[in-house]
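Note sheet for the following structure.
The values are calculated or read from the model by the stated rules, or taken from the named source; none is laboratory data. These numbers were taken from a predicted model, which means no experiment stands behind them. Positions of Cβ are backbone-derived with ideal geometry, glycine not excepted, and every protein chain shown enters the neighbour counts.
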Amino acid sequence: MNGPMNRESQLREGNIRIPSGCAISGMFSRNGRRMSGETIVKAMTVMHDRSNGLGGGFAGYGIYPEYKDAYAFHVFYDNREAKEACEAFLEEHFDIVNLSKIPIRKNPRITDEPLIWRYFVIPLPTKLADFQLGEREFVARCVIRINTHIDGAYVFSSGKNMGVFKAVGYPEDVGDFYRLEEYSGYCWTAHGRYPTNTPGWWGGAHPFAMLDYSVVHNGEISSYDANRRFIEMFGYSCTLQTDTEVMTYVIDFLHRREGLTMEEVAHVIAAPFWSTIATKPEAERKKATYLRDVYASLLFTGPFSILVGFEGGMMALNDRLKLRSMVVGEKGDMFYVASEESALRLMEPNPDRIWAPRGGEPVIVTLNGKGGEGHAVAD
Amino acid sequence: MPSPIDYIYPEYEVVRNEGLCIGCRVCERQCANGVHRFDEKSGKLTIDSSLCVDCQRCVAYCPTHALKVVKSDNTFKENANWPGSLVGEIYRQASSGGMLLSSMGNPRDYPSYFDRMLINASQVTNPSIDPLREPMETRVFLGSKPSGIRRGPDGQILTERPPRLTLSTPILFSGMSYGSISYNAHAALAKAAQTLGIYYNTGEGGLHEDFYPYGENTIVQVASGRFGVHIGYLMAGAAIEIKMGQGAKPGIGGHLPGAKVFGDVSKTRMIPAGTDAISPAPHHDIYSIEDLRQLVFSLKEATGYTKPVIVKIAAVHNVAAIASGVARSGADILALDGFRGGTGAAPTRIRDNVGIPLELALAAVDTRLREEGIRGNVSIIAGGSIRSSADVVKALALGADAVYIGTAALLALGCHLCRSCQAGKCNWGIATQRPELVSRLDPEEGTKRLVNLVTAWTREIKEMMGGMGINSIEALIGNRLMLRGIGLSETELKILGIRHAGE
């Protein structure tokens, strides 16, 4: 018989690299209709066996319309000292528009919760001027600063009008714990985790987020250290040693800082094979070659299916060989993604269309009228 | 008269099995060192082992396998502090007053870090990939990366890139000059590079006019003697390499004896026949890093910014800082040469005692360039005893974009590592200019053997990549999590940036 493990003595995410299998799902209303979190929580229940109770989480977009111009920081604290230190830092750098505990409902299967707080913050103009940074870069650096320098404080969500909710537990219990049925958003993503180790810390659960980018991921990328060592040249610090963390930073770097479109981002991280590129017309060939060469170290190899949430859009993407299951479907203005069709059909029993995107081919959906990323790209 | 003190019993003895020998005299014809002689009086073949360099030529060519070369059992009185080799070298120097000369790479028993690193493989959580069924990509670009995306008025990405090299597999043949090695060896390297879609390197000896057609697969070298350098030469190659140092002899120059400088060698080097070709220790126009920058840009100006410039340095103690300077010099590619790297001739004491292992230098350089955020300024080629495909995989995982192979390429051509290149009597037709010896190396066969070697290694690299679940080489480069150390100290692990096996 196995003895109980001592939580205190267990290594945290970041002290050890833990491979995981997983379940993911997502739903998106192109018309920007706000839907409660109930459906996405329900979708995860049929994929119960793809998780093992050691991590679940959700990201909702459009959930904070009343504070849509403020960055919503969701923070885990190990203790009061960490909270005091973090709040002192926040006060020094931001105007705190609102702060509160994140409301929870006690659930017998969710235990050992940290202190969970939410802050709506706006960068202080004087600080922005001092640092000579754009607003988003400033916020990103503040988040990295807190997470790497304030012991016991961890900002796990930092975008505008969006939020991440995660815990150690099964996804359906996590949804219940955070009372997600009380939030409504135009986009939801979800994750159930099957780590091969016992992480005792909530920060390691997914989604992983930076600014408005959130990533849920099923897989294990074999390129991890090549990606990590490259992205850390640009001020990111991969403290958790998880694939999802590095993927989020890479997507943030390529999309926000390098100005690539999401489709171009997909062509970097799940680049087409040279044999495929060779068959393309010249302009496309040149562009694909350029992206593969310039961002060679940001190619992800190994199995993955990811859902990237971003302001006004969502991208579903598989690795180049499609080594993880992922299906997508449409019904009216709705777009759905899930690791398994059963979960998709729980969200929408009669989709107009359902298909399995090919490896490396992104499916991107955006709010109607948003433009920029263009229409949903199917196939 | 030499003093009897100086007599040293041969280190290796040639042994003939008289029962198998048929007296065909092949050994006599094959040995340029004169070990085997036919004695007319007795009608027998005689052996003078003192002339033998153990190149195995006679052994390989004896039709009845009647010959072998064995280590001599004559021995000085055993002394752990004074091995026989050192005692013998002292006698030689006391007799001659000269520096000891050696060739090929440092043979001494220093630790090989490649042999103390192990490679990862996928199990369960992540599938391995079968290269026979799935694409397995080994294409590598070498050159500086453009910084940031620029778009045209139509919003499309401008796809112009700085000049670069494109390799089908991350292996290049390292610089070996025409003069130090033969015309036929160069021909084989050039043709193999072309067939394989990789590059060979002229070394500092100019480019024979016959090999200009292979220019697209040629790296032309500019070293401290500037031998053979003219605008046609610079324009002929795909890239230009400034050789600042060599792993086998950091800090010193080169010397091709006048005896090897005749005919095409003198013409290609652009120096009179019979003169010693002496490459100075430093470049006399480079006394500091800012001077290097001037040479880099002089070469770029001369070639209209169409060729990437490689700067090759030897792995020495302060290599990371030096590399950082090179990465800011305008160079596109940095070539690092470790202390095990080969040479056609070097002072023995320097070859065996100066410089540091490639693995440590490479890890330190890659780490430093990343810490400074300038790793994208340059690609890294690692050389200095890459002995197998496993070494290639390990070097790439430590951070190299590609590797140079020199010794391994010569072995493919028939070199048996007798380490006597400086004598110019290479029985295998490689490190010699004697026409009758050069003709022993068939360029066509040599090409085939080089192509076979690189193809075999590439297959093995793909298998190892597939095992790791990696299907494109760029995901291996700098991926140190794929390595674990075995039997290494904390300090060694820290420098290599890897964990110990079991961690």
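Is it true that B:T447 is closer than 30 Å to A:G219 by Cα, assigned to a helix (DSSP H, G or I) and among the hydroxyl-bearing types (S, T, Y)?
Criteria not met by B:T447.
Every residue in the range B:75-84 that is farther than 16 Å from B:I5 by Cβ and either surrounded by 13 or more Cβ atoms within 10 Å (Cβ to Cβ) or in contact (Cβ under 8 Å) with a residue 12 or more places away in the chain (or both), please.
Correct list: empty.
Confirm whether B:A363 is surrounded by fewer than 24 Cβ atoms within 10 Å (Cβ to Cβ) and of a type in the set (A, V, I, L, M, F, W, C).
no
Please go through the range B:48-59 and give me each residue that is without any contact (Cβ under 8 Å) to a residue 24 or more places away in the chain and assigned to a helix (DSSP H, G or I), ordered by number. Before you say what the answer is, go through the steps one by one.
Our first condition is that a residue be without any contact (Cβ under 8 Å) to a residue 24 or more places away in the chain; within the range B:48-59, this holds for B:48, B:51, B:59.
Of everything in the range B:48-59, those that are without any contact (Cβ under 8 Å) to a residue 24 or more places away in the chain and assigned to a helix (DSSP H, G or I) turn out to be B:L51, B:V59.
Taking the range A:275-296, which residues are surrounded by 13 or more Cβ atoms within 10 Å (Cβ to Cβ), among the polar types (S, T, N, Q) and over 14 Å from B:P162 (Cα atoms)?
Listed by number, the list holds a single entry, A:T276.
For the range B:150-163, how many residues meet the condition of being buried (at least 16 other Cβ atoms within 10 Å of the Cβ), at the interface with chain A (Cβ under 9 Å from one of its Cβ atoms) and within 37 Å of the chain's Cα centre (by Cα)?
Residues that pass the stated criteria total 2.
Answer with yes or no whether B:K145 is basic (K, R), assigned by TED's automatic domain parsing to the domain that holds B:Y233 and closer than 30 Å to B:F339 by Cβ. Spell out how you get there, then give the answer.
Working: basic (K, R): yes; assigned by TED's automatic domain parsing to the domain that holds B:Y233: yes; closer than 30 Å to B:F339 by Cβ: yes.
Here the answer is yes, as B:K145 does meet what is asked.
Condition first: among the charged types (D, E, K, R), out of contact with any strand residue (DSSP E or B) (no Cβ under 8 Å at 6 or more places or on another chain) and within 25 Å of A:R229 (Cα to Cα). Now tell me which residues in the range A:281-301 satisfy that.
So in the range A:281-301, the residues among the charged types (D, E, K, R) come out as A:282, A:284-287, A:292-293.
Checking which are out of contact with any strand residue (DSSP E or B) (no Cβ under 8 Å at 6 or more places or on another chain) leaves us with A:282, A:284-286, A:292.
Once the filter is applied, which keeps residues that are among the charged types (D, E, K, R), out of contact with any strand residue (DSSP E or B) (no Cβ under 8 Å at 6 or more places or on another chain) and within 25 Å of A:R229 (Cα to Cα), the range A:281-301 yields only A:R292.
Which pairs turn up if I take residues in the range B:287-312 that are more than 11 Å from B:M244 (Cα to Cα) and in contact (Cβ under 8 Å) with a residue 60 or more places away in the chain and look for partners that are assigned to a strand (DSSP E or B) and not aliphatic (A, V, I, L, M) with beta carbon separation below 8 Å, at least 6 apart in sequence or on another chain?
Partner pairs satisfying both residue conditions: B:V309/B:E241.
For the range B:274-289, what are the residues that are part of a strand (DSSP E or B) and in contact with a helix residue (DSSP H, G or I) (Cβ under 8 Å, 6 or more places away or on another chain)?
Listed by number, the list holds a single entry, B:A277.
Taking into account only those residues within the range A:148-172 that are crowded, with 20+ Cβ neighbours inside 10 Å and part of a helix (DSSP H, G or I), which is farthest from the chain's Cα centre (by Cα)?
In this case the residue turns out to be A:E172.
Scan (1) more than 11 Å from every other protein chain (Cβ to nearest Cβ); (2) under 24 Å from B:L336 (Cα atoms) for the single condition B:P213 breaks and write down its number.
Only one criterion is unmet by B:P213, namely (2).
For the range B:169-273, which helices (runs of 4 or more DSSP H) that fit wholly inside it have 1 or more residues that are modelled with pLDDT under 95 and either within 27 Å of B:F339 (Cα to Cα) or of a type in the set (S, T, Y) (or both)?
Those helices (runs of 4 or more DSSP H) span B:263-269.
If you go through the range B:463-474, how many residues are at the interface with chain A (Cβ under 7 Å from one of its Cβ atoms) and under 15 Å from A:A271 (Cβ atoms)?
Adding up the residues that qualify gives 4.
Yes or no: the range A:129-142 includes at least one residue that is among the aliphatic types (A, V, I, L, M), touching a residue at least 24 places away in the same chain (Cβ under 8 Å) and more than 21 Å from A:L211 (Cβ to Cβ).
Scanning the range A:129-142, I find no residue that is among the aliphatic types (A, V, I, L, M), touching a residue at least 24 places away in the same chain (Cβ under 8 Å) and more than 21 Å from A:L211 (Cβ to Cβ), so the answer is no.
Restricting to the range B:6-47, name every residue that is part of a helix (DSSP H, G or I) and modelled with pLDDT under 95.
Matches in the range B:6-47: B:D6 only.
Return the pair list, or none, for Cβ contacts closer than 6 Å from residues in the range B:361-378 that are away from chain A (no Cβ under 12 Å) and farther than 18 Å from B:R480 by Cα to residues that are surrounded by fewer than 21 Cβ atoms within 10 Å (Cβ to Cβ) and among the charged types (D, E, K, R), at least 6 apart or on different chains.
No pair meets every condition.
When you check B:R484 against the structure, is it without any contact (Cβ under 8 Å) to a residue 60 or more places away in the chain, basic (K, R) and over 21 Å from B:I171 (Cβ atoms), yes or no?
Criteria not met by B:R484.
Residues in the range B:475-496 that are at negative phi and more than 14 Å from chain A (Cβ to nearest Cβ): how many?
Qualifying residue count for the region: 10.
Examine the range A:198-218 for a residue that is within 10 Å of chain B (Cβ to nearest Cβ) and either more than 22 Å from B:D401 (Cβ to Cβ) or of a type in the set (S, T, Y) (or both), and state whether such a residue exists.
Checked against the condition, which is being within 10 Å of chain B (Cβ to nearest Cβ) and either more than 22 Å from B:D401 (Cβ to Cβ) or of a type in the set (S, T, Y) (or both), the range A:198-218 yields no hits at all.
Taking into account only those residues within the range B:125-149 that are within 9 Å of chain A (Cβ to nearest Cβ) and buried (at least 20 other Cβ atoms within 10 Å of the Cβ), which is farthest from A:S275 (Cα to Cα)?
In this case the residue turns out to be B:N126.
Within the range B:442-462, identify whether any single residue is touching a Gly at 6+ places or on another chain (Cβ under 8 Å) and within 14 Å of chain A (Cβ to nearest Cβ), and answer yes or no.
No - not one qualifying residue is present in the range B:442-462.
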